[in-house]
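All remarks here apply to the structure that follows.
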Amino acid sequence: MSPYYYNGKRLSCRQCGAVSGRRELAEDNPVIDIYNRRCACIRAELSQKKISKEFAEQAKQIASRLKLEALKQDGYTLAEFKRDMEKNVLYAQVKERMQ
């Protein structure tokens, strides 16, 4: 067992390594960092009942598609990705898709 805790439970060495590995990947790649923060915002709003479950699923799908497109780097710049992942822009895409 590792000396670290998560939500009051002790982590195994394998779990600790997985968490630190994901953290290092996010630090090295701004696309993954932006994506993780937007998904955390979506989950928070879902738990606060600000958005519906269907809306959250659509938002996550669009965010995932944008992340994959940004990771390919085929003419899709980081600035465009940041703009597209802003809350109001992403949610406007979701509303358009759900109509």
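Each value in this text was obtained by applying a stated rule to the coordinates, not by laboratory testing. This is a predicted model, so every value here is computed, not measured. Virtual Cβ from ideal backbone geometry, glycine too; neighbours counted across all protein chains shown.
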Checklist outcome for this item: Taking the dipole of the range 37-99 about the Cα centre (Lys, Arg +1; Asp, Glu -1; charges at Cβ), the one of 42, 63, 88 that reaches farthest to the positive side is 42
Next on the checklist: With just the Cα atoms defining each centre, how far is the range 60-94 from the range 34-53? Give it in Å.
Outcome noted: 16 Å
